[in-house]
Every structure is written in structure tokens, then in C-alpha cells.
Amino acid sequence: MSTVSESGVVDAVNKELFIGGKWTSAAGGKTFAVRDPATGEVLCEVADASPEDGIAALDAAVAAQADWAAYAPRERGEILRRAYDALMARQEELALLMTLEMGKPLAEARGEIAYAAEFFRWFAEEAVRIDGGYATAPNGSGRFLVTKQPVGPSVLITPWNFPMAMGTRKIGPAVAAGCTMVIKPAAQTPLSMLALTQILADAGLPEGVLNVLTTSSAGAVMEPVIRDGRARKLSFTGSTAVGRRLLEQCSDKVLRTSMELGGNAPFIVFEDADLDEAVEGAMQAKMRNIGEACTAANRFYVQRGIADEFARRLTERMSALPIGRGTEDGVVVGPLIDEAAIEKVSELVSDAAQRGAKVLTGGATVDGPGNFYQPTVLTDVPEGARMSDEEIFGPVAPISLFDTEDEAIAKANDTEYGLVSYVFTRELKRALRVCERLDTGMVGLNQGIVSNPAAPFGGVKASGLGREGGTVGIDEFLETKYIAVSL
Ligand code: NAP
């Protein structure tokens, strides 16, 4: 049990909009409720921004851009570094706040605070490594100067499943690059972002650099901001369906875009895999964040000779997981985010069962209050089952068999998504061959977690455009300028 109080951490958060360096109520004083998904109870009300508030936030970001771009990179980096220290110093209370609004168990929330903070430490270091070039033109007489400049005011939109880390993964590089921002966290989990906003203000982020909009009308508020044209960049993390709509909105004024969208990760286990490692990796890839991760293993393909044993061991592990409110000691499986999530997971499991899949464990909701679903393992999941094509976003592991390497790769790649895949094998040549042939932006080779602030995170196909983190993460917020020099 945590030593900080639940009401205390919620009360400590400023629940207004943050525009031009000031906390301010929404136009008309409107608010909306934030709920605890483990109980359904209202935690608090937060400001409900209107389209006018959206434009006011954009105005503030535009006004601050030129001065912010002129800040010394070292100063920008040190703001991030101070915010990193503050996040880590307050890890416990921020973790509790996140568990209350999102549901994940406290241990995972602590892990997310550390992961989120690490983006700030990483980009504090990257702020002073923005490179350029000086080169001789092929004709020998001219010279090329190449420099990088901030893209400009940027719109950032984040999802509810990682309420802190999806924010720092965008704010970190934007601050390092010298971009001002309008950020809109998910309506279901705005509190982590509001807490982060105060931390950044206390760390010395100048007025107008970060502007924060909480709203229950995402489309109505953000579309005018995106279409306005003064913001030069949209960085979005969320579903592919919303991402597609936002890409259209960006096309008119030709905004730069980074899109971190949905996934449908295959998890492939070959007969020569270390089975203990594969089961451990499966638990991580499936159950991190209650299965509500874009990187969650969505389809398990296991080679015939070890399929029964893999399913037996996975079932044993899954059925032993303690379910409950994330604040309780020992809980590993928290609630799903809302009733719609429970309905979707239930529908996908029924669909697979009707088509002949066998339920080895789970397969049902848990009596309320709260949105709980049992950890579930299915075998003999036939091709055509909806869960082979759609993100499950819940604690359900569907297993199918394969015989040959080619078959496994063909099945794995048979999806419009391409975020991440997982491969378990001890054979070096096969490992590299398969990693190269998988159509995903990332591969977990003999491991079930790929996320790392120092590595380039992102997908191909309908999973997105661009990369976050790593040495390339800052480039998403920089424009390259070439100056042709005559000597
Ligand atoms: P979502 O419904 O697409 O929402 C994401 C964000 O977009 C939220 O802030 C949402 O606001 C906002 N939004 C919704 N409609 C909008 C519109 N018309 N205009 C502007 N903003 C709009 O996704 P989600 O359910 O929150 O998150 C789950 C999805 O995110 C999954 O598909 C998951 O795979 C993906 N995801 C991807 C990554 C990655 O790195 N690739 C990481 C995490 C999650 P409201 O909250 O107000 O609706």
C-alpha cells in the first residue's frame, strides 16, 4: 500500500487549462469528470476547453516560438534535466495519481514514471547534440552549409494508456529542439499531464512554450488548431482510425506529422526457443499495462512441436495472476479503461470461440464494480477470427500453430499494422533472417519488451509515420536548412 493518500494526490493537481504560462478556467467555466476505472467513481472535475480556448492556446504557442527558438540548447536541456529530477523525486505520488485515473497496478505506474522521466534525461542530452554540416560542392567551387532549426509550434495529442510517458516522449524532443507546444492529453487520463505541466513550469519552462488543453470534445477543439496553419507540426499517438482523420486535416496546410498508431503484434515461438524465456517474454508482451499497449502481443504463433507445452505453461501463469484495483498490494491485473473496452474484448473472445477456438483459462468479465476482465488464453484460434485483425487491447492471448518459417512469417505479416513483432529462437541465422523479413518497425528478439527512450520507437504500414526516442527522435521536431555558399 502506498504512503501517499489518494485524495491528496488528486487534490494537489491544478485542474485548469494552462495557456501562456497561466492556469485558467475554460471558457464558460465548463468542466468534465475524470473517473477511476476500478470503481467507476468520479475522482474530480477538470476544465473542459472550448474551440476558443484551443485557439488561445495556439496563439500563446505562436507568440512564444521565436524567443524559445533562440534559447541556448544547454538551457533547454537543463530545464528537461530538472524536470527529470522532479519526476523521479515524486515518483510515488505520480504513480498513485496515474493508477487512480488509468487503472494500471502501482508497480507498473512507478515503472512508467521512470520510463517517462527517462525521455527527459535522454532529450536533455540530445538538446546539445543537434548537428549540422559544411561540405564542398561536387564542382569544387561552392560550399554547402547545413543547419537544423525547430519546426515551429507543434500540436501534440496523446492517448490514455500511458498517460505520462506518451507525453514526455513528445514534449522531451520538442523542448530539446526549441518548439513551442499545444498538448491535448486523453480525456480519460488528464491528471498525469496536468501534474507534469506544473513540474515543467517549476523547472523553468518559459511562459507559452507548453500550453495544455483538457477537453471532452477532442475533435471540435483540435481540428481548428490543426487547420489554422500556424502550428507546423502534429505529433499524434492513438488509434489508426483517428490518425487517418488527423492526417487528412494536416494535408491542407501541409503540416509535418509523426503518427504513433495502433498495432497487431505477432509473437512467434520456434521449436528451438528457450521455452522458459518464451513464456516469460509472452507474459511481458501480453500483460504489460493489462494488455492495453500498442506493443501488446496480439497473435501468438507457436511451432507445432512445442505448442501444447507453451500453451500449458502460459495458461498456468495467466490463471495465477491476481486481479484487482491497481492500488492494492500484489495486484497484477487492473481494470480495463472503460465499459466499451470490456465489451470489445468480450465480443472478440466470443467471436473466436464461436469459430472454434478453445478457452484454456479466463474468457469472462469479473463482477463489478469496475471494468475487469479475466486473463485469458485461447488455442486453435482459426484464421478469420476478428482478433487476428483487430487490436484486442486487453488480457487475452490467442494461440495458433505453424509448421514452417515461411508460414510463420506470412501469417505474421498478414495485417495492415506493422508496429512490433516478437521472435523467440536460439538459432542465430534464423533469428536474423526472420527479423529482417518481418514488416514491423521494431522486433523483440528473445525478449517481450522493446520500449526504451534511447531507441527509435515506431511502426510501418498503418502503425504510423516517424520515430520517437533514440537519436532520431529529435529530428521529428527539426527542419533541415541548406545554405548554398559561394566563396
Ligand atoms: P484514440 O481514441 O485514437 O485517442 C487518442 C487521442 O486522440 C486522445 O487524446 C483522444 O481524445 C484524441 N482524439 C480522438 N478523436 C480525435 C479527433 N477527432 N481529433 C483530435 N483528437 C482526437 O486512441 P486511444 O483509445 O486513446 O488509445 C489507444 C490507441 O492508441 C490504440 O490504438 C493504441 O495502439 C494506440 N497507441 C499507439 C502507440 C504507439 O506508440 N504506436 C502508443 C500508445 C497507444 P479523447 O481522449 O478526448 O477521445
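Please treat every number below as a calculation from the coordinates, not as lab data. Keep in mind that what you see is a predicted model, and the values were worked out from it rather than measured. All Cβ positions, even for glycine, are placed from backbone atoms using ideal geometry, and neighbour counts span all protein chains on display.
For this structure, a couple of remarks:
- Debye intensity ratio I(q)/I(0), log10, the chain, q values 0.11, 0.13 Å⁻¹ (C-alpha model): -0.91, -1.21
- Lysines with Cα under 21 Å of Lys30, excluding same-chain neighbours fewer than 8 positions away: Lys15, Lys22, Lys184
- Dipole orientation for the range 224-367: of the candidates Ser235, Thr327, Val345, Ser235 has the Cα lying most toward the positive pole (charges on Cβ; Lys, Arg +1; Asp, Glu -1).
- Here Tyr134 and Arg437 are evaluated by their C-beta separation; at R0 = 25 Å the FRET efficiency comes out at 0.05.
- Three-way shape label, the range 146-239, alpha-carbon gyration tensor, a/c 1.5: oblate
- Inter-label distance for Thr147 and Ala63, nm, one decimal - labels placed 7 Å from Cα along Cα-to-Cβ: 2.7 nm
- Taking a ≥ b ≥ c as the square roots of the eigenvalues of the alpha carbon gyration tensor, the range 321-422 is prolate, as a/c is not under 1.5 and a/b beats b/c.
- Between the C-alpha center of the range 202-278 and that of the range 15-79 there is a gap of 17 Å.
- Peptide ranges 50-62, 133-145 listed from the most packed, as the mean C-beta count within 10 angstrom indicates: 50-62, 133-145
- Virtual spin-label span in nm between Ser319 and Thr39, 7 Å along Cα→Cβ: 3.3 nm
- Rounded to 10°, Cα long-axis angle of helix 165-177 versus longest principal axis of the chain: 30 degrees
- The range 386-487: C-alpha gyration tensor shape, a/c 1.5 cut-off, then a/b vs b/c: prolate
- Around Arg232: net Lys/Arg minus Asp/Glu count, Cβ-Cβ under 9 Å: +3
- The chain: angle of helix 191-202 to the longest principal axis, Cα-based, in degrees nearest 10: 30 degrees
- Over the chain, relative contact order from alpha-carbon pairs under 8 Å, at least 6 apart, %: 18 percent
- With K and R counted +1 and D and E -1, the other residues having a Cβ less than 13 Å from that of Ala57 yield a net charge of -3.
- With a threshold of 22 Å on the Cα-Cα distance, the over-threshold entries among Lys233/Lys253; Lys104/Lys344; Lys233/Lys461; Lys104/Lys286; Lys170/Lys233; Lys461/Lys481 are Lys461/Lys481.
- For the peptides 151-158, 334-341, 197-204, residues were scored by their other Cβ atoms within 10 Å and the scores averaged per peptide; the highest-first order is 151-158, 334-341, 197-204.
- When each of Cys250, Cys179 is scored by the number of other beta-carbon atoms lying within 10 Å, the sequence from fewest to most is Cys250, Cys179.
- Taking Cα centre as origin and charging only the Cβ of basic (Lys, Arg, +1) and acidic (Asp, Glu, -1) residues, the dipole magnitude of the chain rounds to 1400 debye.
- Cα centroid separation, the range 142-200 to the range 418-463 (Å): 26 Å
- With the charge dipole of the chain set up from +1 on Lys and Arg Cβ and -1 on Asp and Glu Cβ about the Cα centre, the Cα lying farthest toward the positive end among the listed residues Ala201, Gln354, Ile449 is that of Ala201.
- Think of the chain as having a plus end and a minus end, set by charges on the Cβ of Lys, Arg, Asp and Glu; of Val485, Pro159, Phe393, Val485 sits farthest toward the positive end of this dipole.
- Residue-averaged [θ]222 nm for the chain, counting only DSSP H segments that reach four residues, each worth -39500 (n - 2.57): -12500 deg cm²/dmol
- The range 352-365 - phi-based ³J(HN,Hα) in whole Hz, Karplus 6.51/-1.76/1.60, Gly and Pro as x: 5, 5, 5, 8, x, 5, 9, 8, 7, 7, x, x, 8, 6
- Note on Glu75 and Asp252: the extension gain reaches 60.2 nm, defined as 0.36 nm multiplied by sequence separation minus the Cα-Cα distance.
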